[in-house]
1. Indicate the gyration tensor shape class of region 120-237 (rounded, prolate or oblate), computed on the Cα atoms with a ≥ b ≥ c the square roots of the eigenvalues: a/c under 1.5 is rounded; otherwise a/b larger than b/c is prolate and the rest oblate.
2. I'd like the distance between the alpha-carbon centres of region 208-236 and region 104-131, rounded to an integer number of Å.
3. Taking the Cβ of Gly15 as the center, what net charge do the other residues with Cβ under 11 Å away carry, scoring Lys and Arg +1 and Asp and Glu -1?
4. Mean-square fluctuation check for the chain, GNM, Cα pairs under 10 Å: which of His172, His199, His136 is largest?
5. Along the Cα-to-Cβ line of Ala160, 7 Å from the Cα, sits a label point; which residues in region 171-198 have backbone N less than 14 Å from it?
6. Would you tally the net charge around Thr115, using a Cβ to Cβ cut-off of less than 15 Å, leaving Thr115 out, and scoring K and R as +1, D and E as -1?
7. Looking only at GluC sites (Glu not before Pro) in DSSP loops with at most 11 other Cβ atoms within 10 Å, what is the longest site-free stretch of the chain?
8. Identify the trypsin sites (Lys or Arg not before Pro) of region 202-240 meeting these criteria: DSSP loop state and at most 13 other C-beta atoms within 10 Å of the C-beta.
Amino acid sequence: MTGALPGQVAVQFVGAGPGAADLLTLRAARLLAEADLVLYPGTYLDPDVLAHCGPAARLVDTQDLDLDAITAHLAAGARAGERVVRLTSGDPSLYSALHEQTRRLDAAGVAWSVTPGVPAYAAATALVGRELTVPHVAQSVVLTRTRARSTPMGEGESLADFAATGATLVLHLAITRTRELMAEVAPVVGGDCPVVVVHRASQPEELVLRGTVGTIADRVEQAGLRQAAVILLGRALDASGAGGESFLYSADRQRRR
C-alpha cells in the first residue's frame, strides 16, 4: 500500500518531529491543514503542533487507546472518504508502531503512506551543539532502547555489547532505568564517559542535563524525569574538542576537477 504518492491515499502516517510546531516538514504541515481526521500522541506532542490542523478537523488523542482502537479509527475514517493523518512523535521509522498499524490496515484493505519527520535524537543533539560522529572518536551511532514495561529486546541486542563498539549510543524510552543502564555500561566505557539527557527537546519544557556515566543518574532523579527524554552517551559528546578532522574536507585530499 506504500507505492502511492501522499496526496493519493486515505491514511497518512506523519512524523510530527520532536514537538515544536515549527519543526514539522512543509509536507507534514500541508497534510495536517488538509486532514479531516487527525490522530495524535498527546503524551509527547506540543499542543501547538495541532494549530496546523484545519478548524473543522476531528482530533483524537491516542494516548489511552490500544493499537486495535487506533486502527479502527484510521480505517473508519478512510472508508468514510476522509483524509486521515496519524501523527507520530519524531520520525515514524523509530518506535512508532508503524509496522503494527500498517499491517492491520493492509489486512483491512486500506491504503496508507508515510511522511518522515525530524527525529527526537536529532533535535536533542542540535540543542547541545554536538555531532554524534567525530573523526577518530566515533563513526557509528546506535539507536536503541531498553526494556521496562515494553517488548523484550532481541537476542544479541545487549547495551553493553553496543557500548563496546565505541559507537555513540542514543537511548530512547530508557529514562526510568538510567541508574541501572549506567551501571551496565560503566565497566565498558568508564565512569567518566560523557552523557547528555535531553527532556522534551524543542518544547517549552525542554531540559538539558549534562554529566557522565558515573553522575547522570543522580541528576535525572533530582530532576524527576519519567518520560519524553533521550539519553546520548559516548566520547563524541566530549566538549573539549577531542578527535581528528574529516578526510573528506582535508586540504590534502585530491579532488576531481
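Please treat every number below as a calculation from the coordinates, not as lab data. Every value quoted in this text rests on a predicted model; they were computed, and no experiment measured them. Don't worry about glycine lacking a Cβ; one is built from the backbone with ideal geometry, like all the others, and counts go over all protein chains shown.
1. Because its axes are fairly even, with a/c under 1.5, region 120-237 counts as rounded.
2. Here the two parts' Cα centres lie 23 Å apart.
3. +1
4. His136
5. Only 180-190 pass the distance filter.
6. In short, +2.
7. Segment 1-154 is the longest.
8. Arg226
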